[in-house]
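Novice: First the structure, then my questions, so here it is.
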Amino acid sequence: MRKLTVLLCGILLGAAVAAAQDRDTIAGIPVNYDEMKVGDYRVGLPDPLTFNNGKPVKNARQWKKRRAEIVKLFEENQFGKWPARKPALRYDVEQDLGFDGTARRKQITLYFSELKDGPRVDVLLYLPANATGPVPILLNLSFMQNNINVSDPGVHPGRRWDPKTRTVSEVPSVPGTRGFGMDAIIKKYLREGFGFATLCYTDITPDFNDDDELGLRGLYHEKGSPRASDDWGSISAWAFGVSRLVDYFEKDPDVDAKRIALTGCSRLGKTTLWTGAREPRIAVVMPSCSGEGGAAMSRRLFGETVAHLTEPTRFPYQFCPKYAYWGDKMQLMPMDAHLLVSLIAPRPLLLQTGTTDNWSDPKGEWISLVEARKVYQLLGKDVPASDVFPAAEQPIYHTLGYVMHEGGHGVLPQDWDYYLEFMKRYL
Ligand code: GCU
């Protein structure tokens, strides 16, 4: 039953994506699903190990400088810049027992301003009851409010944005309707000695067009002012919020803040990657179905493209305004997904995709891994030896890893096992 609910959740999450698949235009823009028409992704492809001035990167020390160049490319052309000023660390923690007394439970509220009712994120953290010291954790970026995600009485009601009124309201816990199968998954992680933290991403900042005056972004946006070309989109704001949460975890004696793994699916897969790129304290990065704007090569014309992502009625607000400019000039873009993947090096990265998630182009994610391998190798890390696109359900657990489930867009029950195995190997 639990497996079924998780499966249903995955299916629901991907419903919009699945509906989009196999349609030959989305928002009036053609979509290609024909391998014969993907073009040559190598045209104009920037090399991770060549500086912008054409000089080669020969060692780890030089890579540090090249890495800074690449971060800048993504700030200016895709995700936008983080604010230079961090909010002061403010939080409340409530501790008790969860899951019928079998786990320690912490409910943390992290505030992004001095206002208790201002932008803030509720984090639900479970810890193994028998832990005697700080534990490594998985931080899960979720589409669900905490009280909807688990079926555990006492979890605080979450909040939801209404894009029409642009206001937030509470999401009550309705007995019998909660729990998408996460309880069993979380308990499994606890049994293996890991903590499990989850949060609802829109707590940080909302997820709709013209939302830059709301949530965390609203704290930094001058009312009425137009967005600069490198102004941060919501993905960058979600990432910045997670980075502030790492500031908190460093203060939490129950968490081993040097051993934090991060996961999220779809737009939260893109967020997972960008957070991993910007926040070196994330030790293991595991984006699920991050697709276009995430780990899938943009120059490979298959499924979603930059033009689809940034079409005005779709998701331009998730990126910086400049990103839309590249929609019809993909081969001129100074970056591509393999550079984003390379920013995680030398840390362990597991790309999780799905066989029928064509909109997100699982093969395009594999290719970006192939093209990023040389950075991991330069830093002395192990990578897949073969270029051949792997079969479904055959996890590759190198430091630069890949796994594709049999199925569509979303996280399936076995994916949680793949993540767990990867964390056991690397944390
Ligand atoms: C849309 C979008 C994808 C995104 C997905 C999601 O389908 O086109 O790029 O990953 O939404 O976040 O659910």
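Novice: What pairs in Lys188/Lys424; Lys188/Lys363; Lys106/Lys164; Lys164/Lys329 have C-alpha atoms more than 23 Å from each other?
Specialist: Long pairs (Cα-Cα over 23 Å): Lys188/Lys363; Lys106/Lys164; Lys164/Lys329.
Novice: What does the charge count around Gly195 come to, taking other residues whose C-beta lies under 13 Å from its C-beta (Lys +1, Arg +1, Asp -1, Glu -1)?
Specialist: +3
Novice: Taking amide H atoms as placed 1.01 Å from N in the peptide plane, list the residues 5 or more away in sequence, or in a different chain, whose amide H sits under 5 Å from that of Arg227.
Specialist: none
Novice: Can you tell me the orientation of helix 234-251 relative to the chain, as the angle in degrees between its alpha-carbon axis and the longest Cα principal axis, to the nearest 10?
Specialist: Between the helix axis and the principal axis of the chain, the angle is about 50 degrees.
Novice: In whole angstrom, how far apart do the alpha carbon centroids of the range 254-269 and the range 90-106 sit?
Specialist: Measuring centre to centre over Cα atoms gives 19 Å.
Novice: Using a probe of 1.4 angstrom, how much of the accessible area of the chain is carbon and sulfur, in percent?
Specialist: Summing carbon and sulfur atoms, their accessible area is 54 percent of the total for the chain.
Novice: Can you pull the semi-axes for the range 116-173, root of five times each eigenvalue of the Cα gyration tensor, sorted largest first, whole Å?
Specialist: 27, 13, 10
Novice: Something else now. State which stretch of the chain is the longest one without any exposed GluC sites (Glu not before Pro), exposure meaning a DSSP loop state and at most 11 other Cβ atoms within 10 Å.
Specialist: 223-427
Novice: Now, a different point. Within the range 134-229, report the trypsin sites (Lys or Arg not before Pro) that DSSP leaves as loop and that have at most 11 other Cβ atoms within 10 Å.
Specialist: Lys164, Lys223
Novice: Right, next: With +1 on each Lys and Arg Cβ and -1 on each Asp and Glu Cβ, and nothing else charged, work out how big the dipole of the range 2-426 is about its Cα centre, in Debye to the nearest 20.
Specialist: For this selection, approximately 1300 debye.
Novice: Going by amide H atoms built from the backbone, whose H comes under 5 Å of the H on Thr353, apart from near neighbours?
Specialist: Cys289, Val403, Met404, His405
Novice: How would you classify the range 2-426 from its alpha-carbon gyration tensor, with a ≥ b ≥ c the square roots of the eigenvalues: rounded for a/c under 1.5, else prolate if a/b is greater than b/c, otherwise oblate?
Specialist: Rounded is the answer for the range 2-426, as its axis ratio a/c remains below 1.5.
Novice: Now, a different point. What list of ³J(HN,Hα) couplings, whole Hz, do you get for the range 158-168 from phi and the Karplus terms 6.51, -1.76, 1.60, once you set θ to phi - 60° and write x for glycine and proline?
Specialist: x, 10, 9, 8, 9, x, 6, 8, 6, 10, 10
Novice: Select from Gln62, Gln352, Gln78 the residue whose mean-square fluctuation is largest in a Gaussian network model of the chain (Cα-Cα springs shorter than 10 Å).
Specialist: Gln62
Novice: Also, I was wondering about something else. Could you work out, for the range 76-220, what percent of all Cα-Cα pairs fall into each 10 Å distance bin, beginning at 0 Å and stopping at the bin that holds the largest distance?
Specialist: 11, 37, 33, 17, 2
Novice: Among 123-130, 273-280, what's the highest-first ranking by average C-beta atoms within 10 angstrom per residue?
Specialist: Going from most to least packed, we get 273-280, 123-130.
Novice: What residue among Leu138, Leu350, Leu214 shows peak mean-square fluctuation when the chain is described by a Gaussian network model with Cα springs under 10 Å?
Specialist: It is Leu214.
Novice: Helix-derived [θ] at 222 nm for the chain: sum -39500 (n - 2.57) over DSSP H runs of at least 4, divide by residue count, nearest 500?
Specialist: -8500 deg cm²/dmol
The values are calculated or read from the model by the stated rules, or taken from the named source; none is laboratory data. In this text the structure is predicted, and so the values were computed from the model without any measurement. Cβ atoms come from the backbone with ideal geometry, glycine included; neighbour counts cover every protein chain shown. Heads up: the accessible areas ignore ligands, DNA and RNA and are worked out on the full protein's heavy atoms, side chains in. Shrake-Rupley method; radii C 1.70, N 1.55, O 1.52, S 1.80 Å.
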